[in-house]
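Questions regarding the structure given below will be posed in turn.
The values are calculated or read from the model by the stated rules, or taken from the named source; none is laboratory data. In this text, all values refer to a predicted model and were calculated from it rather than measured experimentally. Glycine also receives a Cβ, built like all others from the backbone with ideal geometry; neighbour counts cover every protein chain displayed.
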Ligand SMILES: Cc1cc2nc3c(=O)[nH]c(=O)nc-3n(C[C@H](O)[C@H](O)[C@H](O)COP(=O)(O)OP(=O)(O)OC[C@H]3O[C@@H](n4cnc5c(N)ncnc54)[C@H](O)[C@@H]3O)c2cc1C
Ligand SMILES: Cc1cc2nc3c(=O)[nH]c(=O)nc-3n(C[C@H](O)[C@H](O)[C@H](O)COP(=O)(O)OP(=O)(O)OC[C@H]3O[C@@H](n4cnc5c(N)ncnc54)[C@H](O)[C@@H]3O)c2cc1C
Ligand code: FES
């Protein structure tokens, strides 16, 4: 089996990149793990989010903005191609605050960032009463919110399904239930799977989520990636209760209220815990008291794919040129950028985005 | 928080027998069940009902009073109306009772959560007026409510039992549409040796059939192409039998083709399960005592594999004896002496199973339904959708969840899990074992956010 | 007025008034709520939030969630509840979300 690109990992990151490469006429093979694999792409919160991103690295804020700006077009194209819409709403999102102090501190940080972004950071501060006009169900404990107009949310599972569908439709090969164990480069790349399959490709993209930590060094990457657990709740389907999403809660297109998420350093453990669920429930009720009567239908734990500074890593291997590490902790937000902008970087075209700040050189050798 | 030696979940025959036995050895036991009164599925509400309808329901039902009486006399703490929604390692059991969430801890857990009726997705099975046969029986048992114009559809001993009970209640079903064939019975005859060891079951079976035949309930054996017609409500059952199309107008359709273990709680604790070809379902992997791979966690009753009420009762006691030994209340010799007769009679009671499994197999077209049939009732996902997700690379049911939401509604896959596994296995030419099952997470059943939030303790000791 | 029910009740028990979606039914005190509503002629308990299809009790043992009804703003399984005096039941999702301020 031969291809221009072999993509290791068929989560939202790998599939977005595969989609972009296929659009450019490349021959692509995606290799993905089994049913029980850790998959952040299946357990995330679905925000297409700009605010608070890149507080210390304006390039990351800009990259998120670029992706958010082309997300709608991207979603529409996927919907047209597959006949299944990818629900997306980009009418702004909130950072809700329970104290004036935290609200004020955040505003100060946003102002600094705004200046670094030449003023392109459209947000406004809503006091409790202004917020209540927008969100009639907001609770008395919420003192106010930052409404950022570039924020929004999508249905991440529909995105994943549409990508899986369209990658195949465009002639991509997807091999499911395979685990890559090694990659060598005698001439082209040879990708070895645990079941004995060997795949040949001119180039390789390592987008295996947490799997990159183990495979990365074999390809000459540092891949300093760690899991961080996020527990997420979803309620029964409810009548409209929340207009705009926040990091605390959002109402999904199917009607359920999604509540998230914990940040826990517990290694490769994706279980849910009663204290985790209770804490999230309490916070959501503080924000929207009507939720006290809502039934929690499901919960899950998912593992974030985190680099030490939380920023994406885009790196071509110094030892094995033609191998690229692509990983990030906002794969939904950045899906559009990965599909439409990143291929230029891998193909070294004139339109290639400048991703220097996201290279691995920023991490000291440990 | 009170620390129990044993927490038993489920107050059916397995749970009642286990709790009674364990308490008798001096263990601190708490028994929880979401039902308002002890009994489980077979002995549902037996204390309130036996005097009123004992003659209709039969001796096998009123026998349940022995167990409820024993439980009461034992002094076991029995929390009724307590719905368990989370079990965590350690063990920490969270439940809701009277609209409030609470928690208990224990060093051992016995899951005695019983069985569910095997999902029977046929066209029209989501219409009002279509129920499981067990539901029809529960209406009769618990509430004295009986369908006036009902057709029973499917196969298995429970179908005959319910039909016979309806006859005795004075409102026989309009017809029995049976899916097993004469060929199935011929194949089953090869296991007649085992069945003879379980002869009392055969005698009961013959008696039930005699009751049904005497009441002149029409029986259609070997039915295929079963569908339910109706716009807003079931109006008729249609099917083919011996090459002829039939239609029976009715108000109520009672579906049944066997029971399967309710594995939700066990799966939430990552207990390994294996596929049982004979029973066409997943069963937890257990040792003789009901012990799972998870330390301190035991399973007894139909949740451990279908064996029926007597086997459930014995298995409950066997597990309790093992746990009594584990906490030092019995020596190994005492344990073995006490368990030996139970182990023997459990084996002989189980001997009938291979015969029954072959004589009354599941209705094949409902295991892998045609494309248009809904398989996930909650999210309204069809068999065709599942096949399409297989085409998109879904090897297992956790991927289809992400692609089309089956198993993500409030029932959490209880009535679609086996079907989705079967459809994926068929589409990907894999075994059900390779295909696997939904990952089950707390809450085992929905719980309000308000109840959850009430348990929010800002103490730092939290789980991890 | 009591609609004709496809179900028959074997015994008569003392009855209490229960409201279901605005209609008042006389149901046996202490009976299983789903069974009592069925016997009283209620055929559709809810409409699914996905397609709006009508549903009614399917399993009667708390496993299928097709018997969901709303009581005091909380959606619950009718087959897991008992009839009490003055119970007020509605089809789920028909009411507006209410703010619990207590
Ligand atoms: C709780 C939570 C909330 C989140 N919320 C958001 C949000 O609101 N917005 C947002 O933009 N992002 C969010 N994220 C992050 C987002 O989900 C991830 O950035 C994204 O899913 C990462 O995708 P991925 O493809 O890199 O990884 P994954 O989805 O983990 O996919 C990796 C794939 O690689 C495969 N694989 C691994 N190893 C191998 C191997 N050796 N061989 C073959 N295949 C292999 C696996 O099978 C898997 O399918 C959230 C994450 C979590 C956990
Ligand atoms: C609807 C139905 C009707 C049946 N009728 C008969 C019959 O008439 N005759 C016969 O021989 N067999 C019948 N069976 C077969 C039945 O499975 C066994 O006979 C027997 O009841 C099994 O006993 P058990 O103790 O394993 O479980 P069960 O008797 O099923 O008891 C399990 C108990 O666990 C409780 N439970 C489950 N989950 C939770 C939770 N999360 N929190 C709290 N409590 C929980 C349930 O409320 C239930 O009371 C029936 C099965 C079903 C499903
Ligand atoms: S009828 Fe199935 S849950 Fe109530």
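When you scan the stretch B:142-151, do you find a residue that is at pLDDT below 95, more than 10 Å from chain C (Cβ to nearest Cβ) and either crowded, with 19+ Cβ neighbours inside 10 Å or out of contact with any helix residue (DSSP H, G or I) (no Cβ under 8 Å at 6 or more places or on another chain) (or both), even just one?
no
Being within 16 Å of ligand 3 (Cβ to nearest atom) and under 29 Å from residue B:271 (Cα atoms), is that true of even one residue in the stretch B:64-81?
Looking for residues that are within 16 Å of ligand 3 (Cβ to nearest atom) and under 29 Å from residue B:271 (Cα atoms), one finds at least one in the stretch B:64-81, hence yes.
Per-residue answers, yes or no, for (1) closer than 30 Å to residue A:93 by Cα; (2) modelled with pLDDT under 95; (3) within 14 Å of another protein chain (Cβ to nearest Cβ):
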site	(1), (2), (3)
A:159	yes, no, yes
A:208	yes, no, no
A:219	no, no, no
A:229	yes, no, yes
A:251	yes, no, yes
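Against the condition away from chain C (no Cβ under 14 Å), within 16 Å of ligand 2 (Cβ to nearest atom) and modelled with pLDDT under 90, how does residue B:205 come out, does it pass?
The answer is yes for residue B:205.
Going through B:131, B:174, B:196 one at a time, which residue ends up being modelled with pLDDT of 95 or more and over 23 Å from the mean Cα position of the chain (by Cα)?
Of the residues listed, the single one that is modelled with pLDDT of 95 or more and over 23 Å from the mean Cα position of the chain (by Cα) is B:174.
Any idea which of A:145, A:164 is touching a residue at least 40 places away in the same chain (Cβ under 8 Å), surrounded by 14 or more Cβ atoms within 10 Å (Cβ to Cβ), touching a strand residue (DSSP E or B) at 6+ places or on another chain (Cβ under 8 Å) and within 12 Å of another protein chain (Cβ to nearest Cβ)?
Step by step, each of A:145, A:164 is checked, and only A:164 is touching a residue at least 40 places away in the same chain (Cβ under 8 Å), surrounded by 14 or more Cβ atoms within 10 Å (Cβ to Cβ), touching a strand residue (DSSP E or B) at 6+ places or on another chain (Cβ under 8 Å) and within 12 Å of another protein chain (Cβ to nearest Cβ).
One line per residue, one yes/no per condition, for (1) under 26 Å from residue A:52 (Cα atoms); (2) part of a helix (DSSP H, G or I); (3) touching a residue at least 12 places away in the same chain (Cβ under 8 Å):
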| residue | (1), (2), (3) |
| --- | --- |
| A:267 | yes, no, yes |
| A:271 | no, no, yes |
| A:320 | no, no, yes |
| A:352 | yes, no, no |
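Of all the residues that make up the stretch A:24-38, how many are in contact with a helix residue (DSSP H, G or I) (Cβ under 7 Å, 6 or more places away or on another chain) and either in the same structural domain as residue A:250 (by TED's automatic domain parsing) or buried (at least 24 other Cβ atoms within 10 Å of the Cβ) (or both)?
2
Okay, next question. Against the conditions (1) within 14 Å of another protein chain (Cβ to nearest Cβ); (2) in contact with a helix residue (DSSP H, G or I) (Cβ under 6 Å, 6 or more places away or on another chain), where does residue A:21 fall short? Just the number, please.
Residue A:21 satisfies every listed condition except (1).
State whether one or more residues within the stretch B:338-345 are assigned to a helix (DSSP H, G or I), surrounded by fewer than 18 Cβ atoms within 10 Å (Cβ to Cβ), over 22 Å from the mean Cα position of the chain (by Cα) and in contact (Cβ under 8 Å) with a residue 40 or more places away in the chain.
Yes: the stretch B:338-345 contains one or more residues that are assigned to a helix (DSSP H, G or I), surrounded by fewer than 18 Cβ atoms within 10 Å (Cβ to Cβ), over 22 Å from the mean Cα position of the chain (by Cα) and in contact (Cβ under 8 Å) with a residue 40 or more places away in the chain.
In contact with a helix residue (DSSP H, G or I) (Cβ under 8 Å, 6 or more places away or on another chain), assigned to a strand (DSSP E or B), more than 11 Å from chain B (Cβ to nearest Cβ) and closer than 22 Å to residue B:126 by Cα - does that describe any residue in the stretch C:65-72?
The answer is yes, given that some residue of the stretch C:65-72 is in contact with a helix residue (DSSP H, G or I) (Cβ under 8 Å, 6 or more places away or on another chain), assigned to a strand (DSSP E or B), more than 11 Å from chain B (Cβ to nearest Cβ) and closer than 22 Å to residue B:126 by Cα.
Restricting to the stretch A:106-121, give me the number of residues that are surrounded by 12 or more Cβ atoms within 10 Å (Cβ to Cβ) and outside any helix (DSSP H, G or I).
Final tally of qualifying residues: 2.
Which residues, taken from the stretch B:217-253, are within 23 Å of residue B:131 (Cα to Cα) and not in a strand (DSSP E or B)?
B:217, B:218, B:222, B:223, B:230, B:231, B:232, B:233, B:234, B:235, B:250, B:251
Now for a separate question. Looking only at the stretch A:278-303, which residues are within 12 Å of residue A:258 (Cα to Cα) and either free of Cβ contacts under 8 Å to residues at least 40 places away in the same chain or at the interface with chain B (Cβ under 7 Å from one of its Cβ atoms) (or both)?
A:281, A:284, A:291, A:294, A:295, A:296, A:297, A:298, A:299, A:300
Follow-up question, since we're still on this one. Could you tell me whether the stretch B:177-197 includes any residue that is within 11 Å of chain C (Cβ to nearest Cβ) and either surrounded by fewer than 16 Cβ atoms within 10 Å (Cβ to Cβ) or within 14 Å of ligand 2 (Cβ to nearest atom) (or both)?
Checking the stretch B:177-197: not a single residue is within 11 Å of chain C (Cβ to nearest Cβ) and either surrounded by fewer than 16 Cβ atoms within 10 Å (Cβ to Cβ) or within 14 Å of ligand 2 (Cβ to nearest atom) (or both).
If the Cβ limit is 6 Å and pairs must be 6+ apart or interchain, which residue in the stretch C:73-93 that is away from chain A (no Cβ under 13 Å) and more than 22 Å from residue A:241 (Cβ to Cβ) pairs with which residue that is assigned to a loop (DSSP other than H, G, I, E, B) and away from ligand 3 (no atom under 16 Å from the Cβ)?
Pairs found: C:82/C:30; C:83/C:29.
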